[in-house]
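Below is one structure, written out as structure tokens, with a few remarks after it.
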Amino acid sequence: MTVLTGSRSGARVERLPLARYTTLGVGGEAEVWFVENHAQLAEAMEQPYRVLGGGSNLVIADEGVPERVIRLAGPLAERDLEPDAALSTPDEVVTGWVGGGVPLPGLIRQLQRLGLSGLEGTVGIPAQVGGAVWMNAGTRYGEMFDGLHTIEIATPQGVRQVTPADLHWGYRDSGIPRGHVVTRVRLKLRRAAPDEVLARMDFADHARRGQPKMKTPGCAFKNPGGVSAGKLIDEAGLKGTRVGNALIAPEHANFIVNLGGATAADVHALLDVIRARVTVPMELEYELWPDRGPA
Ligand SMILES: Cc1cc2nc3c(=O)[nH]c(=O)nc-3n(C[C@H](O)[C@H](O)[C@H](O)COP(=O)(O)OP(=O)(O)OC[C@H]3O[C@@H](n4cnc5c(N)ncnc54)[C@H](O)[C@@H]3O)c2cc1C
């Protein structure tokens, strides 16, 4: 680990292996900027950068990336769930600020305990709040935009606060341009009995029972034209195919898992095998760092 100096704003800057910050557990080194406030973020954005959330949708090259990698930390990874008295009503709660760097799974469990309903459909998504908002992550039981009141967005030009109505959001898309950073949000939730929220979480979680529990970046491909990508890969006879230490999960063919020590090259080789054997064109669900052109 190398601690780098030279940040005027006091941001901690280190050269680190990104594998540590992805759910797949692969990815080479980059200069990581841990930013705790807007001044540090503004400085980090002065050079080419990428924004890293929970790393749950990423396949990062073994060589790492040349850009700065921004990770929200400190107060930008903290939450204030106290109802805002001026904005809340007996039925509806508008919370204080929740940092974009807050891990979503823990937040969802905390909201359940507090009897606050609206985001429980996103249970099981291993994202950070900022990444989940940026993609409007969700399931058939609910998505991030079901529970947002205000979104704070930082760009190299400055910081602004918007409401969902200001954005052209839709299915798995917030309408927020790439590179604009979701720094904090305020949530808008309904008061409900904790048991009721828990029951809805259990219901949504049940749909995941076939998914592998190993290191993975989630689904590899989008379902082409409503057909299940997993079914197409399975029908091509590819379940259980292994390259190096990456495997097409026997439980669910649309998941590639890291058996331990897999490289990004192993994962790309498996993706190439799938593309060669499945004749229907399928769009990748993962985001690749650095970006690669079409195979
Ligand atoms: C086991 C598993 C299950 C999953 N299930 C689902 C599911 O049911 N539904 C679903 O929608 N997704 C699912 N995913 C995919 C993934 O969790 C989502 O795509 C999630 O939104 C990624 O968020 P992240 O914070 O991990 O972002 P990252 O993977 O770190 O980054 C993804 C993109 O978001 C951008 N980003 C990250 N943080 C910010 C920020 N603060 N501001 C602006 N941009 C940012 C990054 O620059 C990058 O472009 C699953 C993944 C796994 C591993």
Subset of the range 85-120 (residues that are out of contact with any Asp or Glu (no Cβ under 7 Å at 6 or more places or on another chain), part of a helix (DSSP H, G or I) and not hydrophobic (A, V, I, L, M, F, W, C)): PRO105, GLY106, ARG109, GLN110, ARG113, GLU120
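Give the residue that is nearest to the ligand (Cβ to nearest atom), with candidates limited to residues of the range 239-288 that are among the charged types (D, E, K, R), under 21 Å from ILE60 (Cβ atoms) and outside any loop (DSSP other than H, G, I, E, B).
GLU287
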Close pairs (8 angstrom Cβ cut-off, 6 or more residues apart or separate chains): farther than 17 Å from VAL278 by Cα in the range 238-254, of a type in the set (S, T, N, Q) and at pLDDT below 95 anywhere: GLU251/GLN211
Candidates VAL26, VAL65, VAL32, VAL13, filtered to the one that is assigned to a loop (DSSP other than H, G, I, E, B), away from the ligand (no atom under 12 Å from the Cβ), closer than 30 Å to ASP266 by Cα and at pLDDT 95 or above: VAL26
Which listed residue is at pLDDT 95 or above and either surrounded by fewer than 19 Cβ atoms within 10 Å (Cβ to Cβ) or over 30 Å from THR263 (Cα atoms) (or both), from LEU111, LEU52: LEU111
Residue tally, condition more than 10 Å from the ligand (Cβ to nearest atom), part of a strand (DSSP E or B) and in contact with a strand residue (DSSP E or B) (Cβ under 8 Å, 6 or more places away or on another chain), over the range 153-184: 5
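The values are calculated or read from the model by the stated rules, or taken from the named source; none is laboratory data. Being a predicted model, the structure only gives us computed values, none of them experimental. As a convention, Cβ positions derive from the backbone with ideal geometry for all residues, glycine included, and neighbour counts pool all protein chains shown.
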